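Each remark here refers to the structure printed beneath this line.
The values are calculated or read from the model by the stated rules, or taken from the named source; none is laboratory data. Small disclaimer: the values here were computed from a predicted structure and weren't measured. Cβ placement follows ideal geometry from the backbone for every residue including glycine, while neighbour counts extend to all protein chains displayed. Heavy atoms of the whole protein, side chains included, go into the accessibility calculation; ligands, DNA and RNA do not. Shrake-Rupley method; radii C 1.70, N 1.55, O 1.52, S 1.80 Å.
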Amino acid sequence: MSQQAEPLDVERLREDFPILKREFDGTQLVYLDNAATTQTPEPVIESITDYYRRYNANVHRGIHQLSQEASIAYEEAHDRVAEFIGASGGREEIVFTKNTTESMNLVAYAWGLNELGPGDEVVLTEMEHHSSLVTWQQIAKRTGADYKYIPITDEGRLDMDAAREMITDDTRMVSAVHVSNTLGTINPVGELADIAHDHDAYMFVDGAQSVPNRPVDVEAIDADFMAFSGHKMCGPTGIGVLYGKEHILEGMEPYLYGGEMILKVTYEDSKWNELPWKYEAGTPPISQGIALAEACDYLDDIGLENIQRHEAELAEYAYEQLTAKDDVEVYGPPADDRGGLVAFNLDGVHAHDLSSILNDSAVAIRAGDHCTQPLHDVLGTAASARASFYLYNTKAEVDELVEAVDDARQLFK
Ligand code: C6P
């Protein structure tokens, strides 16, 4: 991975993504919904078709050649993902799940349900995605633990003074989103991990919006757990990752029982398989895991620093154009300090209507609460429109977004 950020050759990269050539009524697709899911480049598509054409077989079950090839590729995919996020423990620290949401539920059920109780606290942030907010809220309710939320400042950053007060010796788990999927805020998760560890609490980082687009080193952050999704980083759907420190994963009970996760079964009792298979019950997402490793190669070849810089430039460009309009409210921190997305509202136009007008110009954005309903309550709105960028987006596409917003204004006023 290169250390110095370099401009991306976006026109060349776009050639890797066949879907970007799609047109609607003769108008070229402008895909700005990358925080929801990213598009898939040819090498990743090829990895999936190659698997089904050449070595489709169940893993860890057969001693025939196909099964051996599939098993090796699937196991090595765990090592590749470990390397991608700087997990020196290798495959033992990487559990393949369905998505970020399932990774969070795994820890909440496997650890939280067994370990939390009255008097314990789970500390979240006001900008959590429902996948962590609802999960920890409900597990806390079931165990009698307390749960509280670190507030955000007027600028949409975490109030770290409040965080220092709220995380106490009663705290057992701090769970924070790394990059907010609504505000674009980049949270100081390493600092939160230090505070959590000072109180012997665990730190769970939601990396769904950070791992795809910037260098993320779990050990530098000192996260105890981190979750992210393949489909937001050029990989396929149906594959998510739970990173966990090896000694913690060793000590937890399985979340799902069944085949693959066992070492020895009798009618009386069962013994669990070694990591990470102990947490991967049943037939796992084989082709998806292998394709995720291919996506890691693809992103590393481009360079995560380069992707980060490119996204930041597009977000800054969009932020500046949108905030220049008197009737547009943009949420989150200033342009020079945010991830690659911009959520906003056009005065007097519901975000759904705006998205629908933009769709008529083949501009795909997301509208709604982005699975952050309580955060939208804090922002004082039920919904927002959100444009989110990735490595293949251009400034010309941001211009099209802004023009389409202007068109919507004309239409509604
Ligand atoms: N956010 C968005 O449009 P899943 O659905 O499990 O792959 O990812 C959940 C998730 C968790 N944390 C964050 C910060 C996220 O942004 C997401 C997914 C999508 O913003 C769908 S709501």
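Given the pairs K98/K232; K245/K278; K98/K278; K141/K278, which span a C-alpha to C-alpha distance of over 18 angstrom in this model?
Checking Cα-Cα distances, K141/K278 exceed 18 Å.
How big is the dipole moment of the chain about its Cα centre under a simple scheme where the beta carbon of each Lys and Arg is +1, that of each Asp and Glu is -1, and everything else is neutral? Debye, nearest 20, please.
On the way: 30 positive and 74 negative charges, 268 e Å.
Using Cβ point charges on Lys, Arg, Asp and Glu, the chain gives about 1280 debye.
How many Å² of accessible area per residue for the chain, probe 1.4 Å?
Accessible area per residue: 41 Å².
The Cβ shell under 11 Å around F225 holds other residues with a net charge of -2, Lys and Arg each +1, Asp and Glu each -1. The residues I45, I94, sorted by heavy-atom accessible surface at 1.4 Å with ligands and nucleic acids left out, run I45, I94 from largest to smallest. Just name one of W277, Y147, A5: the one whose Cα is farthest towards the positive end of the charge dipole of the chain (beta-carbon charges, Lys/Arg +1, Asp/Glu -1). So the residue furthest toward the plus end is W277. With a 1.4 Å probe and every protein chain kept in, tell me what percent of the accessible surface of the range 45-301 is carbon plus sulfur. Using a 1.4 Å probe with all protein chains present, the range 45-301 comes out at 46 percent carbon and sulfur.
To the nearest 10, the accessible area of S88 is 100 Å² with a 1.4 Å probe. On the beta carbon distance between D336 and V10, with R0 = 25 Å, the FRET formula returns roughly 0.75. In sequence order, the range 40-48 has phi-based couplings of 10, x, 3, x, 6, 4, 5, 4, 5 Hz under the Karplus curve 6.51 cos²θ - 1.76 cosθ + 1.60, θ = phi - 60°, and Gly or Pro positions carry x. Here r is the Cβ-Cβ distance between N359 and T49 and R0 is 35 Å; the resulting FRET efficiency, rounded to 0.05, is 0.70.
Using 0.36 nm per residue, how much length does the chain from T266 to E305 gain when fully extended, once their Cα-Cα distance is taken away? Display every interim value, and only then the final one.
Numbers: separation 39, 0.36 × 39 = 14.04 nm, distance 5.10 nm.
Once the chain is fully extended between T266 and E305, it gains 8.9 nm.
Mind giving me the FRET efficiency for V378 and T283? R0 is 45 Å, r the Cβ-Cβ distance, nearest 0.05 is fine. Efficiency, from the Cβ-Cβ distance: 0.60. In this label model, Q410 and D200 are separated by 6.6 nm, measuring between points 7 Å along each Cα→Cβ vector. Summarising the label geometry, the points placed 7 Å from Cα in the beta-carbon direction at I19 and A396 lie 2.1 nm from one another.
Ordered from largest to smallest accessible area (heavy atoms of protein chains, 1.4 Å probe), the residues D347, D301 come out as D301, D347. A simple rule links phi to the HN-Hα coupling: the Karplus curve 6.51 cos²θ - 1.76 cosθ + 1.60 with θ = phi - 60°, which for the range 133-144 gives 4, 5, 4, 6, 4, 6, 5, 5, 4, 5, 9, x Hz, with x for Gly and Pro. Ellipticity at 222 nm from helices only: DSSP H runs of n ≥ 4 in the chain, each -39500 (n - 2.57), divided by the residue count, give -12000 deg cm²/dmol. For the range 45-186, a simple Cβ point-charge model (Lys and Arg +1, Asp and Glu -1, everything else neutral) yields a dipole of about 660 debye relative to the Cα centre.
What number comes out for the charge environment of F84, summing +1 per Lys or Arg and -1 per Asp or Glu over other residues with Cβ under 11 Å away? Please report the intermediate quantities before stating the final value.
Details: positive: R80; negative: D79, E83, D217, D297, D300.
The answer is -4.
Note on D170 and H352: their simple-model spin labels are 4.0 nm apart, each label 7 Å out from Cα toward Cβ.
Near T182: Cβ cut-off under 15 Å, other residues only, Lys/Arg at +1 and Asp/Glu at -1. The net charge is -3. Among the GluC sites (Glu not before Pro) found in the range 256-360, those both in a DSSP coil and sparsely packed, with 12 or fewer other Cβ atoms within 10 Å of their Cβ, are E268, E274. Exposed loop sites here are chymotrypsin sites (Phe, Trp or Tyr not before Pro) assigned a DSSP state other than H, G, I, E or B and surrounded by at most 12 other beta carbons within 10 Å; excluding them, the longest clear run of the chain is 1-256.
Under a cut-off of 19 Å between alpha-carbon atoms, report the lysines in cross-link reach of K395, not counting same-chain residues fewer than 8 places apart. Straight-distance partners of K395: K21, K325.
Relative to the longest principal axis of the Cα atoms of the chain, the long axis of helix 304-323 lies at roughly 40 degrees.
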